[in-house]
Amino acid sequence: MKFESLASSSHGNAYIVSDRDTRILLECGISYKQLQKLSGFSLSEFKACIVSHEHKDHAKSVEDLIGRGMEVYMSYGTAQALEVDSASLIESMEQFNVGSFDIVPFATFHDASEPLGFLIKSRADGEVLAFATDTVNLRYKFPGLTILAIEANYDKTCWIVARSFPTRCGTVSPTPTWRSIPCVIICARLIYRSAARSIFYICPMQPAERPNL
């Protein structure tokens with residue numbers, strides 16, 4: 001499985017999840033034109049788009065994608081907030097399938113109507129991704145993860161504590177090392193509390209500010 005960031009900030013979020021059989025979009029918080037350009041003008045190859053919640057930086061192109069025939073999944077609360085009638089509705093803890101992906105939505109904590117995170121397993125290669133953004137907490141255990149993609153804001157206390165953990169996980173980020181720091185501590189907590197001992201990659205998204213190290 002491969003996780004790629006097309007855009008990640010309060011100005012817009014969009015990510016690609018793919019395996020050898022299926023490509024999907026997670027979030028569409030940038031313009032359709034930008035999605036086309038950043039995806040290499042290959043949107044017709046995507047099986048679907050999955051949207052976590054209704055805020056513009058995550059759902060800006062929903063109507064454009066639906067209008068061009070792409071299936072877009074979201075919760076009932078998100079669809080109501082966006083006033084979208086033709087979305088495919090999903091519920092927390094109710095598995096659905098897109099191509100070779102088995103996807104389980106889970107509730108997150110955010111000031112939105114019915115926000116969701118997603119646990120995605122590839123039947124093509126067996127890898128498992130947990131994706132959560134704009135949430136103050138995660139109340140679930142995710143055993144067997146290979147990729148953890150989360151929004152992570154810098155916190156000095158986390159940095160101090162993180163240095164005491166052994167290096168068990170690699171980080172994947174095109175950005176400087178400081179952006180990975182919060183994910184290391186969160187991943188360490190998952191390892192020790194959730195038995196997620198197989199994480200290979202941590203993908204940091206949208207840090208709040210650059211720390212003073």
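Derivation of every value follows stated rules applied to the coordinates shown; laboratory data play no part. Since the model is a prediction, treat every value here as computed from it, not as a measurement. For neighbour counting, all protein chains shown are included, and Cβ atoms are generated from backbone atoms with ideal geometry for every residue, glycine included.
Using every pair of separate Cα atoms, the Kirkwood estimate puts the hydrodynamic radius of region 56-143 at 13.9 angstrom. Over 18 Å apart: what share of the alpha carbon pairs of region 1-101 falls there, rounded to a whole percent? The proportion of pairs with Cα distances above 18 Å equals 41 percent. When you count the other C-beta atoms within 10 angstrom of each residue and take the mean per peptide, 131-140, 69-78 line up highest first as 69-78, 131-140. Rounded to the nearest 20 debye, the dipole magnitude of region 1-101 is 440 debye, with +1 charges on Lys and Arg beta carbons, -1 on Asp and Glu beta carbons, and the Cα centre as origin. A straight line joining the Cα centroids of region 1-79 and region 94-131 runs 14 Å.
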